[in-house]
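Engineer: Dropping the structure in here first, questions after.
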Ligand SMILES: *Cc1c(COP(=O)(O)O)cnc(C)c1O
């Protein structure tokens, strides 16, 4: 947001309530203005219980949670890490940060989630070339859980650990369990644009107590217990601040209400965009219920080329922020040399799909106005 830009409708801005502010103040007054203490533990328990796992460690971001998660799952320098190509860049960056390299796998045409068939083809090819696959990072994109029944079967067959990137998906459900409970470990993000926020932060969650203990140790500069600073391993300063955990704790108490509101926002869009049959909505997958983090609509790029861009620019000039679906990783300048197993679906999402304003503060009248503008733009009544 630009300074003075208060009237703009943003994609997914953070909403901080009076209760949130009071909780942060209570935390500060308790004397724990530090990346340690009981508030962190309380926040970790709250998220672990929402996700339905037994252990969690609060970290500085979802990105650092991905990095330490890969380390803890035994990914080694030179390994390959399989990442869907339709994603935010963080899981691919995390692979590089641990000395591994990403391999990109395209997505299914309906939900934009990692394609299991292509995943298996990619694994076979990499192994045939004599490389080791260190981990698979399925991403619960736009808050929809990936196709874990198929993905886990493949991971099992080849003995590859799964790090679930549930950064966008807190509150979503897969028939196997809540988002974040399905891989060997999972990552949640509390960045400012996510379903709940700590003003920047993340968490690694798992039923594996040793894995979480290891990551907690690394994230606090690998301090062994001794009266002096004793280090047997290289460490990181990746722990979440207790002050931010206070905000997250307060936000987590209304997660269900936030998810319900975002589902409501989506149904308002459905209602007000209904007159135009060429607009398709990204639906929840048949194997679960997403958290409706973002409402994503698709404009047919074949019959109406550049529609998504036209609508985005049209709304932007009227103070409304939208964003194309992720630009695929295999098309990013920084990753052009990495192997990619593609079927064109991610590129199609990038060209057709637009993420609509979906924030917690959005009212029905906002959605009505945004939808009317979209319809006007499509009808060229402008
Ligand atoms: C936001 C996000 C991340 C990174 O989380 P941060 O807390 O912003 O570091 C990782 N993966 C996905 C899919 C994300 O959307």
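Bear in mind these aren't lab numbers, they're just calculated from the coordinates by the rules spelled out. Since we're looking at a predicted model, the values are computed, not measured. So basically every Cβ, Gly included, is an ideal-geometry build from the backbone, and we count neighbours across all protein chains shown.
Engineer: Mean separation of Cα pairs under 8 Å and 6+ residues apart, divided by the residue count of the range 198-264: what relative contact order is that in percent?
Structural biologist: Dividing the mean separation by the residue count of the range 198-264 yields 30 percent.
Engineer: Over the range 43-190, what is the relative contact order in whole percent, taking alpha-carbon pairs under 8 Å and six or more residues apart?
Structural biologist: Worked out over the range 43-190, it gives 24 percent.
Engineer: Roughly what % antiparallel, to the nearest 5, for the DSSP beta bridges in the range 61-141?
Structural biologist: 10
Engineer: In the Gaussian network model of the chain, springs joining C-alpha atoms below 10 Å, which of 278, 267, 365 carries the largest mean-square fluctuation?
Structural biologist: 365
Engineer: Would you mind telling me the antiparallel percentage of the DSSP bridges in the chain, rounded to 5?
Structural biologist: Taking every DSSP beta bridge with both residues in the chain, the antiparallel ones total about 60 percent.
Engineer: Shape of the range 230-353 from its Cα gyration tensor (a ≥ b ≥ c, root eigenvalues): rounded if a/c is under 1.5, otherwise prolate when a/b > b/c, or oblate?
Structural biologist: It is oblate, given that a/c is not under 1.5 and a/b is not larger than b/c.
Engineer: Apply 1/(1 + (r/R0)^6) to the Cβ-Cβ distance of residue 175 and residue 257, taking R0 = 22 Å, and write down the FRET efficiency to the nearest 0.05.
Structural biologist: With a Förster radius of 22 Å, E is 0.40.
Engineer: Quick one: of the DSSP bridges fully inside the range 52-209, what percent are antiparallel, nearest 5?
Structural biologist: Here the share of antiparallel DSSP bridges comes out near 50 percent.
Engineer: Also: In what sequence do 327, 194 fall when counting other Cβ within 10 Å, fewest first?
Structural biologist: The order, fewest Cβ neighbours first, is 327, 194.
Engineer: Can you put 326, 314, 190 in order of Cβ neighbours within 10 angstrom, beginning with the fewest?
Structural biologist: With the fewest neighbours first, 326, 314, 190 line up as 314, 326, 190.
Engineer: Work out how far the C-alpha atoms of the range 208-267 reach from end to end along every principal axis, then list the three figures in whole Å, largest first.
Structural biologist: Here the Cα extents, ordered largest to smallest, are 55, 25, 16 Å.
Engineer: Follow-up question, since we're still on this one. Starting from the 7 Å offset along Cα-to-Cβ, what nm value, one decimal, do you get for the label separation of residue 331 and residue 380?
Structural biologist: 2.6
Engineer: How long is the gain from residue 233 to residue 110 if the chain were fully straight, where each residue apart is worth 0.36 nm and the alpha carbon distance is subtracted?
Structural biologist: 39.8 nm
Engineer: Please state the shape class of the range 172-252: rounded when a/c is under 1.5, otherwise prolate if a/b exceeds b/c and oblate if not, all from the C-alpha gyration tensor.
Structural biologist: The shape class here is oblate.
Engineer: Let me ask something else about it. Give me the Debye-computed log₁₀ of I(q)/I(0) at q = 0.21, 0.26 Å⁻¹ for the range 315-382, equal point scatterers on Cα only, no solvent, two decimals.
Structural biologist: Calculated log10 I(q)/I(0) at the listed q: -0.92, -1.16.
Engineer: OK, next. For the range 154-223 and the range 332-354, what is the centre-to-centre distance using only Cα atoms, to the nearest Å?
Structural biologist: 25
Engineer: Oh, and also: If each DSSP helix of 4+ residues adds -39,500 (n - 2.57) and the sum is divided by the residues in the chain, what number results at 222 nm, nearest 500 deg cm²/dmol?
Structural biologist: Rounded to the nearest 500, it is -11500 deg cm²/dmol.
Engineer: For a label point 7 Å from the Cα of residue 36 along Cα→C-beta, name the residues of the range 51-67 whose backbone N is under 19 Å from it.
Structural biologist: 57-60, by backbone N distance to the label point.
Engineer: If you stretched the chain out fully between residue 264 and residue 207, how much longer would it get, using 0.36 nm times the residue separation minus the C-alpha to C-alpha distance?
Structural biologist: Roughly 17.3 nm would be gained on extension.
Engineer: Return P(r) of the range 44-171 (all Cα-Cα pairs; 5 Å bins starting at 0; whole %; ordered from short to long distances).
Structural biologist: Computed distribution, short to long bins: 2, 11, 21, 24, 22, 13, 5, 1, 0.
Engineer: To two decimal places, what compactness ratio does the chain give when its Cα radius of gyration is scaled by 2.2 N^0.38 Å?
Structural biologist: 1.00
Engineer: From Cα pairs below 8 angstrom and at least 6 apart in sequence, can you work out the relative contact order of the chain, rounded to a whole percent?
Structural biologist: Dividing the mean separation by the residue count of the chain yields 23 percent.
Engineer: Between residue 280 and residue 224, what's the calculated FRET efficiency when r is the beta-carbon distance and R0 is 45 Å? Round to 0.05.
Structural biologist: 0.25
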